[in-house]
Amino acid sequence: MLNNLTPFLLHWTITALSLWVTSYVFKGIRFADTPSLIISALLLGFANAIVKPLLIVFTFPLTLLTFGLFLFVINALMILLVSSLVRGFTVSGFWTAFFASIFISALSFLFGSFVSWGTPPFEPSQHGIWL
């Protein structure tokens, strides 16, 4: 049980940290207090895990037509969805959410690269790599 909880808490912390930094970089993104930041990070994780894959499936032809660039629009919609659900989280508009989603993705990737996710290093078997 604890093995599954640790990556979840790390991901949640990285998302919250990315949202916090983003609120200082973009004037159009504000958090009223710390609980709204924590709840927003949690809901953004759930939205990315549940709603986003459904939107990707429904908009697959449009995503193919735009060579995957429509995924940026879906990311912005996830941020707008979370801001509409959390009372203390405000986003000024679509374009703020659009550019903030790119910034959050890059920042989360950067923070996540410094954290070990618990995957063991690759060790080839004694019989060779292919066995």
If we keep only residues of segment 30-55 that are surrounded by 14 or more Cβ atoms within 10 Å (Cβ to Cβ) and charged (D, E, K, R), then the residue farthest from the chain's Cα centre (by Cα) is R30
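So in segment 56-85, with the set limited to residues that are hydroxyl-bearing (S, T, Y) and surrounded by 16 or more Cβ atoms within 10 Å (Cβ to Cβ), which one is farthest from I102 (Cα to Cα)? Spell out the reasoning first.
Step one: filter segment 56-85 for residues hydroxyl-bearing (S, T, Y), giving 59, 63, 66, 83-84.
Checking the rest, the ones that are also surrounded by 16 or more Cβ atoms within 10 Å (Cβ to Cβ) come to 59, 63, 83.
Values: T59: 19, T63: 17, S83: 16 Å.
Top of the filtered list is T59.
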Considering only residues of segment 1-29 that are under 17 Å from I102 (Cα atoms) and over 15 Å from the mean Cα position of the chain (by Cα), which is surrounded by the most Cβ atoms within 10 Å (Cβ to Cβ)?
I29
Please go through segment 24-77 and give me each residue that is among the small types (G, A, S) and in contact (Cβ under 8 Å) with a residue 24 or more places away in the chain, ordered by number.
G28, A32, S36, S40, A41, G45, A47, A76
From the list F46, F60, F70, which residue is touching a Leu at 6+ places or on another chain (Cβ under 6 Å), among the hydrophobic types (A, V, I, L, M, F, W, C) and over 18 Å from F109 (Cβ atoms)?
F70
Before we move on, is I29 closer than 20 Å to F94 by Cα and among the hydrophobic types (A, V, I, L, M, F, W, C)?
yes
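FYI, it's all coordinate maths here, none of it is from the lab. A quick note: this is a predicted structure, and the numbers were derived from the prediction, not measured. Positions of Cβ are generated from backbone atoms using ideal geometry, with glycine treated the same way; all protein chains shown enter the neighbour counts.
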